[in-house]
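*Asks:* One structure is given below, represented as structure tokens, and several questions about it will come after.
FYI, it's all coordinate maths here, none of it is from the lab. Quick caveat, the model's predicted, so the values are computed rather than measured. Here the Cβ positions follow ideal geometry from the backbone for every residue, glycine too, while neighbour counts run over all protein chains shown.
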Amino acid sequence: MDQEEGLTAVDNIVTQFNTYEDFLDSQITTVDLFYLEDEGLARQLVELGYRGTGEVVKREDFETRKAAIEIARLAERTQKKTLTSAGKNLQENFLKALAVREEDNRSGKVSSVIFIRDKNSHGQEISGYIDYAHRLKAEDFEVYFNGKKRLLPRSTDLSFYNWDSQIAVWNSTPNYQVIADNPEGLLFKYKRDRKILNVDPKASPGDNSTRIPIPTELYIQAVIFDHISRRKT
């Protein structure tokens with residue numbers, strides 16, 4: 001039995017029994033108890049591998065895996081509880097769209113790129129593409145879901161353009177590589193599966209990607225591109 005099969009066997013036992021003693025008891029037969037006349041001794045013999053009806057598992061392995069599985073369960077529960085959009089009574093279409101995508105972007109199931117065109121605090125028209133998963137990790141979205149602040153593109157995002165000053169900036173992120181020298185327009189390559197996301201509204205967004213315009217009163221224009229990774233393993 002290789003290491004992976006061994007871990008699977010231990011995991012099956014760990015999830016089936018609450019304590020190591022419960023596991024030992026499951027391996028003891030009525031015949032063992034009849035002859036040994038001592039439950040403690042019967043448990044010791046099972047633990048040492050001299051008695052038992054199934055898999056031999058050391059106490060240390062059982063308790064280590066039990067703790068690891070419990071930590072993973074708590075971490076998953078904590079992640080679900082810490083979704084910034086959780087419990088919010090969202091009425092605006094754009095914020096609803098972000099909330100629907102928050103968990104999947106945090107987990108990596110979906111990678112969303114947000115296009116926003118609007119005016120900044122100086123009245124200048126700006127636009128840009130935002131790597132949603134990257135921004136979720138980099139800042140607290142509580143202010144956006146609470147409506148205290150509007151999500152706007154920055155010069156540190158995938159792309160940023162100021163229509164008044166005509167300043168254009170683009171940056172690769174942990175999720176996307178920017179292809180800015182494409183004659184047909186800006187492209188983003190998703191690093192996990194190397195698929196190209198085409199943000200040209202007249203073109204197909206690409207394999208496993210969708211383009212969804214969001215009707216909203218918060219911005220002049222908002223579009224969300226969703227990409228589902230199909231990385232080969």
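*Asks:* How many Lys pairs in the range 88-233 lie less than 18 angstrom apart by Cα atoms, where the lysines are 8 or more positions apart or on different chains?
*Replies:* 17
*Asks:* To continue, here is another question. Can you give the direction-averaged projected area of the convex hull of the alpha-carbon atoms in the range 143-229, in nm²?
*Replies:* On the way: hull surface 27.8 nm².
Quarter of the Cα hull surface area: 7.0 nm².
*Asks:* Determine, from the Cβ-Cβ distance of residue 15 and residue 192 and an R0 of 41 Å, the FRET efficiency 1/(1 + (r/R0)^6), rounded to the nearest 0.05.
*Replies:* Details: r = 30 Å, r/R0 = 0.74.
Step by step, r from the Cβ atoms, then E = 0.85.
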